[in-house]
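Below is one structure, written out as structure tokens, with a few remarks after it.
The values are calculated or read from the model by the stated rules, or taken from the named source; none is laboratory data. Please read these numbers as outputs of a predicted model, since none were measured by experiment. Here the Cβ is made from the backbone with ideal geometry for all residues, glycine too, and neighbour counts use every protein chain on show.
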Amino acid sequence: MVVYYGYSKLTKKVILKRELAIYFENSDCNPVKNEEWIKRRMTIIYTRRQSEEEVKDSNIVNRSFTKYSFFIDDKPYYGDIEKVLSVNFKADRNHVCEKERLIIKDLLREGYYRCYNVPKSR
């Protein structure tokens, strides 16, 4: 099963806030349909396989996905993408090696500026 990292696609009526979204796939019965569903909701920046412990957690839920999100412009981040990325970096420490977490962090940083058309600050 897969973990998807990316940014929510903004819409005019439903999704109005910039958001870092992490989706954990709970069922791999139809991976093509799952990926199509995810692509409609977010811009995928990075994917990885779930650890064995994460897969065990997915066996006790009745949903296809579990979503964790960080609203970038709300408290406590106030639009600071570096704070968001550091919180996510720490959250993954039990299941992802440091080298891969650094790759994820860098890709998410670049993806943020690209997805939301935000100018890079100095």
Would you mind stating whether G6 is assigned to a loop (DSSP other than H, G, I, E, B), closer than 25 Å to S121 by Cβ and of a type outside the set (D, E)? no
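Yes/no per residue for (1) farther than 15 Å from R109 by Cβ; (2) touching a Pro at 6+ places or on another chain (Cβ under 9 Å); (3) exposed (fewer than 15 other Cβ atoms within 10 Å of the Cβ):
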{"site": "Y7", "(1), (2), (3)": "no, no, no"}
{"site": "N30", "(1), (2), (3)": "yes, no, yes"}
{"site": "I44", "(1), (2), (3)": "yes, no, no"}
{"site": "K75", "(1), (2), (3)": "yes, no, yes"}
I22: passes all of (1) in a helix (DSSP H, G or I); (2) among the β-branched types (V, I, T); (3) surrounded by 15 or more Cβ atoms within 10 Å (Cβ to Cβ) but (1)
Yes/no for I45 being closer than 20 Å to K120 by Cα and touching a Cys at 6+ places or on another chain (Cβ under 9 Å): yes
Read through the list (1) in a helix (DSSP H, G or I); (2) in contact with a helix residue (DSSP H, G or I) (Cβ under 6 Å, 6 or more places away or on another chain), then give the number of the only condition that K99 fails. (2)
State whether the residues of segment 59-68 include one that is loosely packed, with under 14 Cβ neighbours inside 10 Å, in a strand (DSSP E or B) and within 12 Å of the chain's Cα centre (by Cα). yes
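If a residue has to be of a type outside the set (V, I, T), farther than 18 Å from F24 by Cα and surrounded by 14 or more Cβ atoms within 10 Å (Cβ to Cβ) to count, how many in segment 77-106 make the cut?
The total comes to 2.
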Could you list all residues from segment 16-49 that are without any contact (Cβ under 8 Å) to a residue 12 or more places away in the chain and aliphatic (A, V, I, L, M)? L16, V32
Of (1) at pLDDT 90 or above; (2) outside any strand (DSSP E or B); (3) out of contact with any Asp or Glu (no Cβ under 6 Å at 6 or more places or on another chain), G79 satisfies all except one. Which? (3)
Of (1) under 19 Å from K17 (Cβ atoms); (2) under 13 Å from the mean Cα position of the chain (by Cα); (3) not acidic (D, E), Y78 satisfies every one except (2)
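Considering only residues of segment 25-45 that are among the polar types (S, T, N, Q) and not in a helix (DSSP H, G or I), which is modelled with the highest pLDDT?
Narrowing segment 25-45 to residues among the polar types (S, T, N, Q): 26-27, 30, 34, 43.
The next check asks that each one be not in a helix (DSSP H, G or I); those that pass are 26-27, 30, 43.
Values: N26: 86, S27: 79, N30: 82, T43: 96.
That would be T43.
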